[in-house]
Amino acid sequence: MSDWSLGLTMTIMGMGMVFLVLAILVVLVYLFNWIYYRYVERSRAPAEAGRGREPLAAGEPARQVPELSLEPVTDCLSPAKVAAIMAAITALAGPERGFHLVKVASSRGSLSWAAAGRQTLIDQRQQYLARKE
């Protein structure tokens, strides 16, 4: 056998063995998944069936839902931007969903992620300039 044919044969045999082992692993994963959902999930379903909401007893008051305050917020977004956002949501979800704008609030929280991103860009630029010199 020549060196080329031996090399080609070994390559094909090696790759075939790797794909065979991967196929066996895929079958095993599907088998374990099927066993889990067949036996474990079915046995768990009747036990969890009784954990739903219990009906209210006679004379028991229902829980009150707190009222939402609908105060206009003027310091975040302009009314045109809010209208554009609501139009985009309605166009995406469809008018039958019936979204209602409740509150527009600014997210003036931590800007640490933005600062970290800027710092990464500055560091990369400085490394580039240091290598260039």
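The values are calculated or read from the model by the stated rules, or taken from the named source; none is laboratory data. Only a predicted model underlies this, so the values are computations on that prediction, with no experimental measurement involved. With ideal geometry, Cβ positions are generated from the backbone for all residues, glycine too; neighbour counts draw on all protein chains shown.
Some observations on this one:
- From 78, 5, residue being at pLDDT 75 or above and polar (S, T, N, Q): 5
- Among (1) small (Gly, Ala, Ser); (2) modelled with pLDDT of 90 or more; (3) surrounded by fewer than 10 Cβ atoms within 10 Å (Cβ to Cβ), the one test that residue 16 misses: (3)
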